[in-house]
Amino acid sequence: MNQGQPELIERLQHGDESAFRQLVDDHEVMIYNTVIGIVQNEDDADDVTQDVFIQAYRSIRYFRGEAKLSTWLYRIAVSKALDHVKKKKRKKRFSFLQGWFGVVKEESSNIPDFHHPGIVLENKEKASELFAALDQLPDNQRIAFTLHKLEGLNHQEIAQVLNITLNAVEALMGRAKGNLKKKLQEYYLQKDK
Amino acid sequence: MGTNEHNNKKIDDAINSFDGAQKASPRPFLFTRLSARMYNAGESSWEKAGRVIARPAVVIAGLLLILAINAMVLFSNNKKIDTTDQAYTTDAYNTTVATLYNFENGEQ
């Protein structure tokens, strides 16, 4: 895939539809898996994945090849997924106002309820609790942890996606794990009461 | 101590729960759905305008504006009524004074 990338990029920049199809087929799992780890909802992940490819289609002419195509796509995916999460949280905050205008409110809950389709059965409940804790982390820690644990990117690759240094990624991962342990501890103590 | 150890184990298990996870795949025919969405992406001006007007923030701002205009109109109407009363009183006073003057300097 990497060897043919310059050719693929050139075809994409010329608006070649078959090249766009190839881009989608080659990267749909990568994008969807990244997005679902952040938005924690299958339907939303599907919508956001489409948004990512639409953005890629529109922006490919500005791609200068300084980073790998996959790195560029990861950046778009992370950005779109975070935008979606922020939009959803904003809607939740103003949901009481929406009620005044007859808009049906979606049920919202902080109880762990997201089940990632790829998690093995015996880990599903624990993973659901981890996702709930992840949802409470600052964005950069959440992204670093998700890219590493769910997408399998190493720290160097994460540094390229986030456009930060390797040391910064390692610091983020350390803080993410610390904060996750804190959140999980609070959750288990609350649950035991 | 036992509960602490138990909880620590639960926490570690949760942190490691993503291990061995397979990547999630999107629903089938993503490219077909994507193409259809890109093809239908055009939106008429009316639809765009409707979408903007329907936002709660726009509705609330509009209601507040209407209330503010109503308040301004009521306030300015109250001011006019007061002025009219004063003018009426002044006219009445002038008439009275004029009548007295005419009486005192009346026909001899």
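FYI, it's all coordinate maths here, none of it is from the lab. Note that the structure is a prediction, hence the values are computed from the model and not measured. Don't worry about glycine lacking a Cβ; one is built from the backbone with ideal geometry, like all the others, and counts go over all protein chains shown.
With a 10 Å cut-off around each Cβ of B:4-16, the average count of Cβ atoms from other chains is 6. Taking all Cα pairs closer than 8 Å and separated by 6 or more residues, the relative contact order of chain A comes to 20 percent. Rounded to whole Å, give me the distance from the Cα center of segment A:113-154 to that of segment A:1-38. Cα centroid of segment A:113-154 versus Cα centroid of segment A:1-38: 25 Å apart. Here the calculated FRET efficiency for B:Trp46 and A:Asp25, from their Cβ-Cβ distance with R0 = 25 Å, stands at 0.10, rounded to the nearest 0.05. Label separation (A:Lys89 vs A:Asn167): 2.9 nm, computed from points 7 Å beyond Cα along the C-beta direction. About the centre of its Cα atoms, chain A shows a dipole size close to 1040 debye [charges on the beta carbon of Lys, Arg (+1) and Asp, Glu (-1) only; nearest 20 debye].
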